[in-house]
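All remarks here apply to the structure that follows.
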Amino acid sequence: MTASLTDRAPGVLSGRPALGRLVAEDPADFAAYRWGREALLSRARDLPAGFGDLLDEDAVDELVSRRGLRTPFLRVARDGTTFGDRMFTAGGGVGAGVTDQVSDDKLVALFADGATLVLQGLHRVWPPLLDFAQRLAADLGHPVQVNAYVTPPQSRGFDDHYDVHDVFVVQVAGRKQWRVHAPVHHAPLRDQPWTEHREAVAEAAARAPLLEVELSPGDCLYLPRGFLHAATALGGASTHLTLGVHTWTRFGLAEQLVAEAMTLLASDPSARQSLELGTAVDDPDATAGDLELVRTRLLQSLASVSPDAVAQRMASQARAAQRAAPIGPLAAARAADGLLPGAPLHLRRHLAATLAECGSDAPVLRSRAGDVTLAPPEVPAVRALLAAGRSTVDELGPTLARRLLTAAVLTGENTPT
């Protein structure tokens, strides 16, 4: 038996506070009526706070000039064409054996010439966005990534297109004009990009838009996956964040259902049986009987798959889709070496920890930090830790506490979720 992922609960129970920063309506109404269905424009005046704490123009300059970014954390494009890496990267200089470090010299010239800077994966490199993306993912129950688009005056970044993930567009500096059209391919999957429907996208983009709006700092626009969009900077330079939500789908559930059914089918000797000697596998009449047999067996396997088995497969995917909150190796070592009786310990945030107790097998604590095999007497203390999110050295025992600290499961710091 496996417990459910633990880092969904805080956002749900507290009313989805990260989502509440992005939508100017009750998060419950957004979930019921907008999510995956309709675009939503939320003006700064109707939102609880601005977004300057997440990113601003000074942060953009710092990222591209002082942080030593390498590709693919930056893309550069103009008139819908993405530049090759060598056009905006250079060697790192003495003592840095890299050849693809972002060149601020080149970026100054490219930006002045009308190129758009796309900072990718900011949920991995910029602390305020790392924290916010993790909180938003906990609220939504879906993985979140963050990119920033920095567009020169009067420039258009990319042609009309759709994304295969939902997006929250957050304007942080300058102004942008957005044009939104209805989908030409509803709810596209991740392997169904807009380029597969290029002609339909172009035809739709030539018609009157569903929504045409100017975004100013503090505004937020939600677009479900599949909605066509394009943006043009107005006046001076413009910077917006795209919070990309990589939604779990029913199709994804179907994939895991079929995968589990195939695992069960592999244990059926009749399904493993070789076809007759000399069978022409490209002749449907020759394989008809065998096909019906395996169809019947497969349907039986599908019917026998338990929801728990699919949930376990989805849990594995969910753990791999995101990272836990940052943790410092030196801080973890200090905490493990300096354990004191009664000292408080805290479950690492966004760890997605579950406790698997599988009959005669040893119990396992599974998380984004890896697996930790437990002794049966340790299970009650770990179960209490997962339920409360915290424990003490006395409750866990020094040996288990030290092991969980060095396994990056626990921290000695109480940090907000």
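The values are calculated or read from the model by the stated rules, or taken from the named source; none is laboratory data. This is a predicted model, so every value here is computed, not measured. Here Cβ is always computed from backbone atoms with ideal geometry, including for glycine, and neighbour counts include all displayed protein chains. Remember, those area values only see protein heavy atoms, side chains included, never the ligands or the DNA or RNA. Shrake-Rupley method; radii C 1.70, N 1.55, O 1.52, S 1.80 Å.
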What's the extension gain from Ser267 to Gln317 if we count 0.36 nm per residue and subtract their Cα-Cα distance?
15.6 nm
So Thr195 and Ala44, fully extended at 0.36 nm per residue minus their Cα-Cα distance, gain in nm 51.0 nm
I'd like to check one number: the per residue accessible area of the stretch 167-312, probe 1.4 Å, reported in Å² as a whole number.
53
More than 17 Å apart - percent of Cα-Cα pairs taken over the stretch 325-388
51
Area of Glu260 that stays accessible when all protein chains are in place (1.4 Å probe, Å², to 10):
40
State the answer as a single residue: which of Val125, Trp178, Ala335 lies farthest towards the positive end of the charge dipole of the chain, with beta carbon charges of +1 for Lys and Arg and -1 for Asp and Glu, about the Cα centre.
Ala335
Place a label point 7 angstrom from the Cα of Gln177 along the Cα-to-Cβ direction, then list the residues of the stretch 220-241 whose backbone nitrogen is under 11 Å away.
231-235
Assigned charges on the beta-carbon of Lys, Arg, Asp, Glu; the stretch 44-173 dipole about Cα centre (debye):
340
Amide proton proximity set for Ala173, modelled H, under 5 Å, gap of 5+
Thr239
Computed ³J(HN,Hα) along the stretch 267-279: with the Karplus parameters 6.51/-1.76/1.60, θ = phi - 60°, integer Hz and x for glycine or proline, the list is 8, 9, x, 5, 6, 7, 4, 5, 6, 4, 4, x, 5
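Using r as the Cβ-Cβ distance of Arg295 and Asp361, and R0 as 25 Å, what FRET efficiency do you calculate, to the nearest 0.05?
Efficiency for this residue pair is about 0.15.
Given the Cα-Cα distance of Glu212 and Glu57 and 0.36 nm per residue of separation, how much length would full extension add, in nm?
Length gained, Glu212 through Glu57: 53.3 nm.
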Please list, ordered by chain and number, the residues whose modelled amide H lies under 5 Å from the amide H of His161; skip anything fewer than 5 residues away on the same chain.
His229
Cα-based Rg / Dmax (Å) for the chain
25.4, 75
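Protein chains only, probe 1.4 Å: how do Val294, Val393 rank by accessible area, largest first?
Val294, Val393
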Phi angles of the stretch 223-240, converted by Karplus (6.51 cos²θ - 1.76 cosθ + 1.60, θ = phi - 60°) into ³J(HN,Hα) in whole Hz with x for Gly and Pro, give 10, x, 4, x, 6, 6, 7, 7, 9, 10, 5, 10, x, x, 5, 9, 10, 9
For the stretch 199-212, what does the Karplus curve 6.51 cos²θ - 1.76 cosθ + 1.60, with θ = phi - 60°, yield as ³J(HN,Hα) per residue in whole Hz, taken in order and with x for Gly and Pro?
5, 5, 4, 5, 5, 5, 5, 7, 8, 4, x, 5, 8, 10
Residues of the stretch 227-246 with backbone N under 18 Å of the label point set 7 Å from the Cα of Asp79 along Cα→Cβ are 231-233
Can you pull the one-decimal nm distance between simple spin-label points at Ala280 and Ala202, each 7 Å off the Cα toward Cβ?
4.4
Quick check: Cα centre of the stretch 216-264 to Cα centre of the stretch 337-357, how many Å?
33
Nonlocal amide H pairs with Thr249, under 5 Å, H built at 1.01 Å
none
Rounded to the nearest 500 deg cm²/dmol, what is the calculated helix-only ellipticity per residue at 222 nm for the chain, with -39500 (n - 2.57) per DSSP H run of length n ≥ 4?
-10000 deg cm²/dmol
